[in-house]
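**Student:** Have a look at this one before I ask anything.
The values are calculated or read from the model by the stated rules, or taken from the named source; none is laboratory data. These numbers were taken from a predicted model, which means no experiment stands behind them. So basically every Cβ, Gly included, is an ideal-geometry build from the backbone, and we count neighbours across all protein chains shown.
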Amino acid sequence: MRTIAVVGTSVAGTRAARSLRDAGFDGRLVLVGDDPHVPYDRPPLSKGFLAGTLGEADLALLDADDEADLALELRLGVRVEHLDAHTRRLRLADGDEIGVDGVVVATGGRARRRPGGAGVVGVPALRTLDDAVALRTALGARPRVVVVGAGFLGAEVASTCRTLGLDVTLLDGAELPLAPVLGDRLARSATALHADHGTDVRLGRSVARLRTTTGAGPRVTGVELDDGAVLPADVVVVGVGIVPNTAWLEGSGVRLHDGVRTDAGMVTDLPEVVAVGDVARYDGAGSSDAPNDRAHGTRRHEHWTSAGEQADVAARNLLAGRTTVTFGPSGYFWSDQYGRTLQLAGHPGPDDHVEIVDGDPADRFTARYTGPSGNTTAVFGMGSPRAFGRLRRTELVRARQAA
Ligand SMILES: Cc1cc2nc3c(=O)[nH]c(=O)nc-3n(C[C@H](O)[C@H](O)[C@H](O)COP(=O)(O)OP(=O)(O)OC[C@H]3O[C@@H](n4cnc5c(N)ncnc54)[C@H](O)[C@@H]3O)c2cc1C
């Protein structure tokens, strides 16, 4: 291959560029993305950057040395509008075209918006650096904050706002929002952190409508819930998931279905196109490491670690021209809330037994998930990174080596 374009300059895209060079690709490597900023990391946007303890420079995923070492052609602030797989050309929004022999799709997702929030001042989402800068500025006026969506992102925003001493309400339509990921028992421990730190938690309640000022340029003043309660608010942060960025691939021959469909090696129906990161919906049936992925058929992850793991696999397969290695996810992710890091590794099943290994489930602890045959499927830690690391090594890594 002479030219490979990586589309998307975030976690998955930058990692794919590195992986391609590590795997021996010495041709032209173009990294193109519509975000105008030097490639940056997203996890700190809801944590240290939002709190004001980290600056923009702390987020950089690439510096000038990396760019030179990797011999990257970096095209920032330009959207890719279309891939023509027949002529092997990418059409860019600035009118330029790039002839390619291979493409890495790393276009991630954009924040899902809440109906009724469009055009209303004070209803931000948090996905990009610009979003985070705007939200950080808004928090400086010490607003009353309502966070809609108590998944990991919403939980982190609530935590950071409380750390800043703001009045925060965390709202979710589910009774136990993290249960699908952590199971009921551990989701309860994670949810309890909010109330313990003074966040007003409203679960099983949804937004009936936003209250706003009238006239031109409406500004949010509150949130009316489905039970009639009204929460006064100056800022309503919406954290209700993402929509994969795939519009530019329509009509390209790449199969799309809630993301870009790939095989177990992150390769699409076109062998010269691979997909990685939040946008990639891969075939879990090929994975021997993740029994729950096998059960689900296809999976799409929205985690930093899997984005990087997939990039390594995809780079090797793209260069091989076919799937030679498959993606075996470690199932690791973390979230920082109220001074505690929540960490999960492995693949818990919905009916797994959960056992507290040590610590206090109301504060800092580690836990083990076991499947029907008594095997450890996953380990979890809250505010206990060293004990979590030990447990992960003994229960998952060594067990895998012994298998
Ligand atoms: C605030 C925040 C906090 C997070 N915290 C954690 C955490 O604690 N732990 C964890 O595991 N994960 C966390 N995540 C998730 C993690 O950051 C994502 O899984 C990761 O960013 C995915 O990387 P990606 O490169 O696949 O996609 P993205 O980060 O979405 O990047 C895709 C890039 O492609 C660009 N793009 C899209 N369409 C086009 C186009 N047509 N042309 C050109 N460019 C395009 C986008 O603008 C974007 O720059 C967090 C995410 C956010 C937003």
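**Student:** Just the residues that are in contact (Cβ under 8 Å) with a residue 40 or more places away in the chain, in contact with a Phe, Trp or Tyr (Cβ under 9 Å, 6 or more places away or on another chain) and surrounded by fewer than 20 Cβ atoms within 10 Å (Cβ to Cβ), please, taken from region 336-372.
**Tutor:** 341, 349, 354
**Student:** Got a sec? Which helices (runs of 4 or more DSSP H) wholly within region 1-110 have at least 1 residues that are crowded, with 18+ Cβ neighbours inside 10 Å and within 12 Å of the ligand (Cβ to nearest atom)? Spell out how you get there, then give the answer.
**Tutor:** Values: elements: 11-22, 48-51, 64-69.
Here the list reads 11-22, 48-51.
**Student:** Please determine whether any residue of region 111-127 is more than 30 Å from residue 268 (Cα to Cα) and within 13 Å of the ligand (Cβ to nearest atom).
**Tutor:** Looking through region 111-127, at least one residue is more than 30 Å from residue 268 (Cα to Cα) and within 13 Å of the ligand (Cβ to nearest atom).
**Student:** Which residues, taken from region 124-139, are in a loop (DSSP other than H, G, I, E, B) and modelled with pLDDT of 95 or more?
**Tutor:** 126, 127, 128
**Student:** Also, I was wondering about something else. Identify all residues within region 333-351 that are under 16 Å from residue 396 (Cβ atoms) and at pLDDT 95 or above; write none if there are none. It would help to see each step written out before you state the result.
**Tutor:** We begin by selecting, within region 333-351, every residue under 16 Å from residue 396 (Cβ atoms); these are 333-334, 343-349.
Hits for region 333-351 are 333, 334, 343, 344, 345.
**Student:** Give me the pairs: first residue in region 236-258 and over 30 Å from residue 225 (Cβ atoms), second residue among the polar types (S, T, N, Q), beta-carbon distance under 6 Å, and six or more apart or on different chains, which are they?
**Tutor:** 245/107; 254/268; 256/246
**Student:** Among the residues of region 274-283, write down those that are crowded, with 24+ Cβ neighbours inside 10 Å and either more than 14 Å from the ligand (Cβ to nearest atom) or without any contact (Cβ under 8 Å) to a residue 60 or more places away in the chain (or both).
**Tutor:** Residue satisfying the conditions is 282 alone.
**Student:** Would you confirm, using the coordinates I've provided, whether residue 81 is acidic (Asp, Glu), on the phi < 0 side of the Ramachandran plot and in contact (Cβ under 8 Å) with a residue 12 or more places away in the chain?
**Tutor:** Taking the combined requirement at face value, the residue satisfies it.
**Student:** Please indicate, with yes or no, whether at least one residue in region 175-189 is within 22 Å of residue 210 (Cα to Cα), away from the ligand (no atom under 15 Å from the Cβ) and outside any strand (DSSP E or B). First the steps, then the outcome.
**Tutor:** Going through region 175-189, the residues within 22 Å of residue 210 (Cα to Cα) turn out to be 175, 177.
Cutting the leftovers down to away from the ligand (no atom under 15 Å from the Cβ) gives us 175, 177.
After this cut, where a residue has to be outside any strand (DSSP E or B) as well, the list is 175, 177.
Yes, the conditions are met somewhere in region 175-189.
**Student:** Note down all Cβ pairs under 6 Å where the first residue falls in region 108-122 and is within 14 Å of residue 219 (Cβ to Cβ), the second is more than 16 Å from the ligand (Cβ to nearest atom) and among the β-branched types (Val, Ile, Thr), and they're at least six residues apart or on different chains.
**Tutor:** Correct list of pairs: 117/123; 120/212; 120/220; 122/220.
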